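The values are calculated or read from the model by the stated rules, or taken from the named source; none is laboratory data. Since the model is a prediction, treat every value here as computed from it, not as a measurement. Quick reminder, even Gly has a Cβ in these numbers, built from the backbone with ideal geometry, and neighbours come from all protein chains shown.
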Amino acid sequence: MQFTKDSFYMALLERLVSLNPLQTVTLDGTTRPAIIVAENELVISAKPVSDAFYIEWGAAQMVQRQAGDRGLMQMECVISYHTFGTVQSGVDRGRALAALDMELLSICEPPRTSKRDYTQSPSADLGTSILWTTPILSKVTGSEAARNEGLPRGNEGVRLERSASLKVFFFPEVSFL
Amino acid sequence: MSTSPLRAAMVPVTRQIRAYFAPINRVTGTPSIFDPGKYGAFLLDAPPAPWLDLGWIDNFQRLCTTLTEPLRAGLQGAPSVQFRGSIDARIEFDFREWGKLQMALACGSEHMNVLASDPNANAQPSGGTPLAAIAVLPGSTSSEIVLGVGAVSAFSVGDVVAVDADYQQQTGYVGTGIAAAYVSDPADVNRDANYVRRVTFNLGRVAQETTTSLLLAQPLLGGAPPAGASVQKVVAFVDRDGGSFFQEWSALFVWQEESGGRVCFHYPRLSPTTAIELSMPLSPTAQPRAVKAFQREEGVEIAKPISSLALHAAFQAMLHVDENDGQTVVCYRSYFPAAKAAVY
């Protein structure tokens, strides 16, 4: 299962670097592509950085009618991101969020990658691929601003946030030969 | 459901299937061949020539009604050998994209280009008397149509154009590169000089203009314009229920591999069909027992009342003789095992 997580992350990271090499964040003094696996980071109270994709893994189970000792599995994945826009006034925060939406959809295509063992260098091809569904983009939520009762969605906040959910399918790690 | 261990690399996992077609030389009956040894792992966005990408398709079904019949022997009448009866295979699917080729294949008969009409011409359901054609000059290619200074202004960027020869009162198949129709008698087509351009597959959309040329967004399907070709603007496509002509094409369908190996189906010769017999007669003289009505278009609901339209298509697989062993077959299924997959 860890190979699936690693392969998914590496696929999206490489695609993000190719698509927009300037999309970086600085964490712990290190500048890196703006895609982060939350469970791999230091446990600190700092808030997530803006304009970056945070990957979080959820429940996993066998796929119906594909089950078996080594059948196909699925695992839930949530990718969240937020922005304050690119200017001090924040008036382009909606556009900045839309750009992040498009970046995420772009790096999720094609919706597959080979499963590799990244615990060794160079990584080793494990013989199958992982695949995933098209991300479902949740509603936009806004925060860090006074709620305007005249706007029912409440997403006029200075900080605009969205999460995307998808399912990743994979064959669990086994020796299949 | 089995709970036995699966050998994962041997399980083809797929999401969608893509259709590619290639023309058959109708004069010689020569199909286009997909050689899995040469082209098997091609990029789905870049099929090898002469295969044309017709996009993702839905509801793909391969229907085989070839009967195997046992020959019985002995007091108990037990099967001793068996043989194959009449070979019969069909396919059905929905084209999700509409275009010249998709419409022509789904309809199955002549597919008409509606040429821009003379405003004073009599109305005709497949297009009336068109505006005069403009001669194509030497030096034209499948992507650049040379018309000369001034003549280019008859067209605009974004126009669809038909580029082919005038009808010369010949009989037989017409259309440059791809047989688009069959003319038995010039009188049938009113000896119309524009007839070939009414049916040709040699179409393109004007992407740019120079002072002397039209530059096309996609190359002409039938290749460079023939000598004496002319060009006319196309405003729509029309197909018809009826007609005597049958399209016949080679086809290739590829299940895109998500994990595991790639599966392809190659039909050297496909001919469009409509009604599908739900139960085939057991002998050639028996009557068909049931027929499923053929729905030409399928609505794919987006959100009521919005839906997209898919073109429903069905084909009869026609025979092909495999030169390697002389066997008569109608379809090839090829499988490209994934790396590291067990052989069996």
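When every residue of the stretch B:183-198 is checked against the conditions, at least one turns out to be in a strand (DSSP E or B), of a type outside the set (Asp, Glu), surrounded by 18 or more Cβ atoms within 10 Å (Cβ to Cβ) and modelled with pLDDT of 95 or more. Count of the stretch B:11-50 residues, restricted to those that are without any contact (Cβ under 8 Å) to a residue 24 or more places away in the chain and in contact with a helix residue (DSSP H, G or I) (Cβ under 9 Å, 6 or more places away or on another chain), is 1. Checked against the criterion of being at pLDDT 90 or above and of a type in the set (Asp, Glu), the candidates A:125, A:117, A:92 yield just one match: A:117. Does residue A:7 qualify as being within 14 Å of another protein chain (Cβ to nearest Cβ) and not in a loop (DSSP other than H, G, I, E, B)? Here the answer is yes, as residue A:7 does meet what is asked. Taken across the stretch B:39-48, residues that are in a loop (DSSP other than H, G, I, E, B), surrounded by fewer than 14 Cβ atoms within 10 Å (Cβ to Cβ) and out of contact with any strand residue (DSSP E or B) (no Cβ under 9 Å at 6 or more places or on another chain) do occur, with at least one present. Candidates A:158, A:87, A:168: the one that is touching a Gly at 6+ places or on another chain (Cβ under 9 Å) and either modelled with pLDDT under 90 or within 14 Å of chain B (Cβ to nearest Cβ) (or both) is A:158.
Only a single item in (1) in contact with a Pro (Cβ under 8 Å, 6 or more places away or on another chain); (2) touching a residue at least 12 places away in the same chain (Cβ under 8 Å) is not met by residue B:96, and it is number (1). For the stretch B:79-119, a residue qualifies if it is closer than 18 Å to residue B:203 by Cβ and part of a strand (DSSP E or B), and the qualifying residues are B:95, B:111, B:112, B:113, B:114, B:115, B:117. Would you call residue B:86 in contact with a strand residue (DSSP E or B) (Cβ under 8 Å, 6 or more places away or on another chain), over 27 Å from residue B:258 (Cβ atoms) and modelled with pLDDT under 95? Answer is no for this residue.
Can you tell me which residue among B:244, B:230, B:250 is of a type in the set (Ser, Thr, Tyr), crowded, with 16+ Cβ neighbours inside 10 Å and closer than 28 Å to residue B:319 by Cα? Give the derivation first.
Numbers: B:244 fails: crowded, with 16+ Cβ neighbours inside 10 Å; B:230 fails: closer than 28 Å to residue B:319 by Cα.
Within the list B:244, B:230, B:250, the selection yields B:250.
One residue stands out among those in the stretch A:111-130 that are at the interface with another protein chain (Cβ under 9 Å from one of its Cβ atoms) and farther than 14 Å from residue A:5 by Cβ: the one that is surrounded by the most Cβ atoms within 10 Å (Cβ to Cβ), which is A:128. When B:199, B:231, B:189, B:235 are checked against the criterion of being farther than 21 Å from residue B:101 by Cα and in contact with a strand residue (DSSP E or B) (Cβ under 8 Å, 6 or more places away or on another chain), B:189 stands alone in meeting it. Residue B:11 fulfils the conditions (1) modelled with pLDDT of 95 or more; (2) crowded, with 18+ Cβ neighbours inside 10 Å except for a single criterion, (1).
So that you can scan it fast, the table gives a plain yes or no per residue for (1) more than 30 Å from the chain's Cα centre (by Cα); (2) within 14 Å of chain A (Cβ to nearest Cβ):
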| position | (1), (2) |
| --- | --- |
| B:13 | no, yes |
| B:28 | no, no |
| B:31 | no, no |
| B:36 | no, no |
| B:50 | no, no |
| B:69 | yes, no |
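If the condition is being closer than 15 Å to residue A:167 by Cα and of a type in the set (Val, Ile, Thr), then the stretch A:1-28 contributes only A:4.
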